[in-house]
Amino acid sequence: MESGDGLILRVRPVLARLTAEQAYGLCDAARTYGSGIIDLTSRANLQIRGVRTDTHGPLLERLGALGLLDADPALESRRNILVDPFWQTGDDTALIAAALAARLAELPPLPAKFGFAVDAGDARRLAAASADIRVERGASGGLILRADGAPLGRPVAVEGAVDAVIALARWFVDSGGAAAGRMARHLAGTALPDAFAGTEAPAAEAPPVAPGVTSLGLAVGVPFGQIEAAAFADLLRASGAAALRTTAVRVLILEGGALVAADGFVTGADDPRLRVEACAGVPFCPSATVATRDLALRLAARAPGRLHVSGCAKGCAHAGAAPLTLVGRDGRFDLVRDGRAWDMPLETGLDPDTLATRFGAA
Ligand code: SF4
């Protein structure tokens, strides 16, 4: 993908996991062939920024050697599969996600942002993550298949889960869902057929993964999802982590990683930077007319609740609603309350400095 700071190359870690060797290699590749900045996206993917056209080829070779590229790029582009980051080998999440990844060729052509969540732990950790078809824990303790936007899901067995996912994806396409782009938007005007209509509510949500010590190892927050590759390699080494797990909430889990100092990362669950989302903005994204992250940092500690600062109405950093969303337009900001970046603003044309004063930021 083209961006304001060069090409962006996206890596989709299988089951949201990289071995330590792959993670070191990725960090080195980002410094050698890119700007040294890696994004952690809201789909739990990693993006190497600042790649030049002449370094693109060597970077692909390096990532291929690390085992971080799929053999078929067309299938890789369909592998929008989020998983519960606390999956264990052989559990429902690992089995279903692997089975779905192996059958991507059976999916119909889907919109680029269409994705899947396999959230089959004891409680749901991906409820707020962007996904269109969910296999998740139901209130009764079994698994359910749920179309995003529908309140109820249909009970499903592990063995039949991927068949059901593919069938629901086909219904989405056959019923004209591509025009809406996402499942929830499609369901706003189209009823699910009986075969997919749900009878069971989803299980309760688990608290989001937070920085600190977890059952897998040290978890660190990544402000705005922006990782400095050299600092991250140092952190991996210092912690002794054997692997890395990515999450959809700007947190990295260092598998087996010990509690160590983590300069540049968030280690406290109450850090205000965890309450703000901001996309790349100016100068990194050609669609942006405003700088986003400086303002978000200035407002982080003072904003009342969760804050989303978006460079434009696409809302790449946060697809969901937020109590307060600032949306860049023509060098100024529009303000949306309790909505998404593309919703109707309450106020328009706000000056960034005025906003900082208004929220009492320094
Ligand atoms: S929300 Fe707009 S400005 Fe921000 S990264 Fe996406 S396209 Fe670019």
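FYI, it's all coordinate maths here, none of it is from the lab. Not measured: the values here are computed from a predicted model. For neighbour counting, all protein chains shown are included, and Cβ atoms are generated from backbone atoms with ideal geometry for every residue, glycine included.
Assuming 0.36 nm per residue, please report the length gained on full extension of the stretch R103 to R10 beyond their Cα-Cα distance. Intermediate values should be presented prior to the final figure.
On the way: separation 93, 0.36 × 93 = 33.48 nm, distance 2.12 nm.
Using 0.36 nm per residue and subtracting the Cα-Cα distance, I get 31.4 nm.
Say the dipole of the chain comes from +1 at the beta carbon of Lys and Arg and -1 at that of Asp and Glu; which of L259, L350, L326 then lies farthest toward its positive end?
Result: L350.
Run the quick spin-label model on R52 and A204: label points 7 Å from Cα toward the beta carbon, then report their separation in nm to one decimal.
Simple spin-label model gives 5.5 nm for this pair.
Put +1 on the Cβ of every Lys and Arg and -1 on every Asp and Glu Cβ in the chain; which of G315, G142, A20 then has its Cα farthest towards the positive end of the dipole?
Value computed over the given set: G315.
Kindly state, to the nearest 0.05, the FRET efficiency for A167 paired with S287, given R0 = 25 Å and r defined as their beta-carbon distance.
Plugging the Cβ-Cβ distance into 1/(1 + (r/R0)^6) gives 0.10.
Based on other C-beta atoms within 10 Å, arrange I48, I133 from fewest to most.
Least crowded to most crowded, the residues run I133, I48.
As I understand it, the dipole of the chain uses +1 on the Cβ of Lys and Arg and -1 on the Cβ of Asp and Glu, about the Cα centre. Which of A301, Q88, A101 lies farthest toward its positive end?
It is A301, whose Cα lies furthest towards the positive end.
Compute the distance in nm between two label points, each set 7 Å from the Cα along the Cα-to-Cβ direction, one at S77 and one at R358.
4.0 nm
Relative contact order for the chain using alpha-carbon pairs under 8 Å, separation at least 6, rounded to a whole percent? Intermediate values should be presented prior to the final figure.
Details: 802 pairs, mean separation 50.6, N = 362.
Computed value for the chain: 14 percent relative contact order.
State, to one decimal in nm, how far the label point of M344 lies from the label point of T41, with both points 7 Å from Cα in the Cβ direction.
3.2 nm
Taking the chain, how much of its Cα-Cα pair set, in percent, is spaced more than 27 angstrom apart? Before the final figure, lay out each step's value.
Working: 32093 of 65341 pairs.
Everything past 27 Å amounts to 49 percent.
Starting from the exponent 0.38 and prefactor 2.2 Å, build the expected Rg for the range 58-142 from its residue count and divide its actual Cα Rg by it. Before the final figure, lay out the partial values.
On the way: Rg = 14.4 Å, N = 85, 2.2 N^0.38 = 11.9 Å.
That ratio works out to 1.21.
Provide, as a two-decimal number, the C-alpha radius of gyration of the range 272-358 over 2.2 N^0.38 Å, N being how many residues it has.
Values: Rg = 11.0 Å, N = 87, 2.2 N^0.38 = 12.0 Å.
Cα-based Rg divided by the globular estimate yields 0.92.
Please find the FRET efficiency linking V260 to Q88, where r is the Cβ-Cβ separation and R0 is fixed at 22 Å, and quote it to the nearest 0.05. Could you put the intermediate results ahead of the total?
Numbers: r = 24 Å, r/R0 = 1.11.
For V260 and Q88, the calculated efficiency is 0.35.
In whole Hz and in residue order, list the ³J(HN,Hα) couplings for the range 3-20 that follow from phi through the Karplus curve 6.51 cos²θ - 1.76 cosθ + 1.60, θ = phi - 60°; x for Gly and Pro.
Each residue's phi maps through the Karplus curve to give 8, x, 10, x, 7, 10, 10, 9, 10, 9, x, 5, 6, 6, 9, 10, 5, 4 Hz.
How big is the dipole moment of the range 104-227 about its Cα centre under a simple scheme where the beta carbon of each Lys and Arg is +1, that of each Asp and Glu is -1, and everything else is neutral? Debye, nearest 20, please.
So the magnitude is around 320 debye.
Suppose R0 equals 35 Å. What FRET efficiency, 1/(1 + (r/R0)^6) with r the Cβ-Cβ distance, do V158 and T32 give to the nearest 0.05? Please list the in-between numbers first.
On the way: r = 42 Å, r/R0 = 1.19.
Step by step, r from the Cβ atoms, then E = 0.25.
Rounded to two decimals, what is the ratio between the C-alpha radius of gyration of the range 87-187 and 2.2 N^0.38 Å? List each step's numbers first, then the result.
Numbers: Rg = 12.8 Å, N = 101, 2.2 N^0.38 = 12.7 Å.
Compactness ratio reported: 1.00.
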